[in-house]
Amino acid sequence: CESHAVAFAAGMAKSGANPVVDIYSTFLQRSFDQIFQEVCLQNLHVTFLMDRAGLTGPDGPTHHGVFDVPYMRLFPHMVSMAPGDEKDVQPMVRFALAHNGPISVRYPKANLETVERVDEFAPIELGKAEVVEWGEDGCFVAFGTLLSNCVAAAKKLKAEGIHMGVINARFVKPLDKETILRAVETLPLVVTVEEGTVEGGFGSAVLEAANAAGVDARHVVRRGIPDRFVEHGERNELLADLGLSADALAELVRDSRAEVARAS
């Protein structure tokens, strides 16, 4: 039924309609071929709203939506977004509905917390990240749901005299190369954070962009869902086990800085 829904939506778009396909991230995988052949190949305006993106807690490995970032960023014409907090959601959906071409928005089962920003809320622009705060000692670059954990980790570290910035990536495709590669070029530590598989995910997109630009990315650390199926459990417990809680992200920065200090 998922593959039929996408093919049907492509036919609607071909006829001038503005269809929305709302399917759990994990089950949209059943429509891989239709996303390719019927939607992206013809550059049709179909909006994909991908519910249950990230860890779904007690629903377990069949429902964890952790593979959509790699498979949605594969295709030409596709735009792929993820809200970092509650304030991003409505503007992002409105942007998707007004966009002329295939576009997807991934969002979680869990509630999205609203993060504090140093500056005013930045409007959604194609391929533009939002700098929540720029840091001198490094930066978290969050794609999607774990933005609040990055902000919390940065706050903990700031109290210790470590100034980590936070970037709300918003887009994995097109990636905001200008903002993110500036962080990679100028800061001693960049940590990419995503609630999706680290294999081929957002962090991989950052490394690809750095490689293409000839930028040294040895100090980029990727954090996401490891290369294994994650079992049942409460979401916050799973995030802690996977090193994606605010405490774990702060500890990662402390360890990375200590390793650099030892090496020097």
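The values are calculated or read from the model by the stated rules, or taken from the named source; none is laboratory data. Remember, it's a predicted structure, so these values are computed and weren't measured experimentally. Positions of Cβ are backbone-derived with ideal geometry, glycine not excepted, and every protein chain shown enters the neighbour counts. Accessible surface is based on the protein model in full, side chains and every heavy atom, while ligands, DNA and RNA are left aside. Shrake-Rupley method; radii C 1.70, N 1.55, O 1.52, S 1.80 Å.
For region 11-35, a tally of residues being in a helix (DSSP H, G or I) and closer than 17 Å to Val105 by Cα returns 8.
Considering each residue of region 78-124, count those that are of a type in the set (Ser, Thr, Tyr) and open to solvent by 30 Å² or more (accessible area, probe 1.4 Å), and give that number.
Total meeting the criteria: 2.
Filtering region 8-30 to residues that are of a type in the set (Phe, Trp, Tyr) and either open to solvent by less than 20 Å² (accessible area, probe 1.4 Å) or within 18 Å of the chain's Cα centre (by Cα) (or both) leaves only Tyr24. Would you pick out the residues in region 52-85 that are touching an Asp or Glu at 6+ places or on another chain (Cβ under 9 Å), at pLDDT 95 or above and part of a helix (DSSP H, G or I)? Of everything in region 52-85, those that are touching an Asp or Glu at 6+ places or on another chain (Cβ under 9 Å), at pLDDT 95 or above and part of a helix (DSSP H, G or I) turn out to be Val69, Pro70.
Among the residues of region 125-176, the ones that are without any contact (Cβ under 8 Å) to a residue 60 or more places away in the chain, surrounded by 19 or more Cβ atoms within 10 Å (Cβ to Cβ) and among the charged types (D, E, K, R) come to 3 in all.
Of the set (1) in a helix (DSSP H, G or I); (2) within 14 Å of the chain's Cα centre (by Cα), all apply to Arg94 but (2).
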